[in-house]
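**Student:** The structure that follows is given in the form of structure tokens.
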Amino acid sequence: MANENKRSTRVAERMKEELALLLLSEVSDPALRGVLVSEVQVTDDCRFGRIYFRFIDGLAPESRRKECQDGFRRAYGFLRRELGTRLQLRVAPDLRFLYDEGQDARLRVDALLDEVKRDLKG
């Protein structure tokens, strides 16, 4: 079966969409303002999900990441229950919220490349 046809892949995509909606309209915790869900990975049995997040405004200090993790911890029960209901899952998945380091790495690489270009020109 092709990867895009796997149930867990479809559930992960829907979960990403629903989390975006929930964060925009129903979660009022100020620690979660400006948070984007960049990726969702779900196990084949759909019982566990890894939610990768980043910030709209780019790089964030460690303190901001921790504050956001705390916000997700406070909203955990609500988010899990809502996702289970909205996705019509028999068992709501156990969720882990992780900061997406990839965006930061890309921004650092871009900055280094810009610096190298300036050095080569000058």
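FYI, it's all coordinate maths here, none of it is from the lab. The structure presented is a predicted model; accordingly, all values stated were derived computationally and were not measured. Here the Cβ is made from the backbone with ideal geometry for all residues, glycine too, and neighbour counts use every protein chain on show.
**Student:** Give, in nm to one decimal, the length gained when the segment between residue 106 and residue 26 is fully stretched (0.36 nm per residue of separation minus the Cα-Cα distance).
**Tutor:** Values: separation 80, 0.36 × 80 = 28.80 nm, distance 3.07 nm.
Fully extending the segment from residue 106 to residue 26 adds 25.7 nm.
**Student:** Pull out the extension gain between residue 17 and residue 118, defined as 0.36 nm times the separation in residues minus the alpha carbon to alpha carbon distance; nm, one decimal. Display every interim value, and only then the final one.
**Tutor:** Values: separation 101, 0.36 × 101 = 36.36 nm, distance 4.02 nm.
Between residue 17 and residue 118, full extension yields an extra 32.3 nm.
**Student:** Something else now. Report the label-to-label distance for residue 98 and residue 74 in nanometres (one decimal), using points 7 Å from each Cα along the Cα→Cβ vector.
**Tutor:** With each label placed 7 Å out from Cα toward Cβ, I get 2.5 nm.
**Student:** Sticking with this structure for a sec: Under the classification rounded if a/c is under 1.5, otherwise prolate if a/b is larger than b/c and oblate if not, where does the chain fall, given a ≥ b ≥ c as square roots of the Cα gyration tensor eigenvalues? Spell out each step's value before the answer.
**Tutor:** Values: a/c = 3.02, a/b = 1.64, b/c = 1.84.
Note, shape of the chain comes out oblate.
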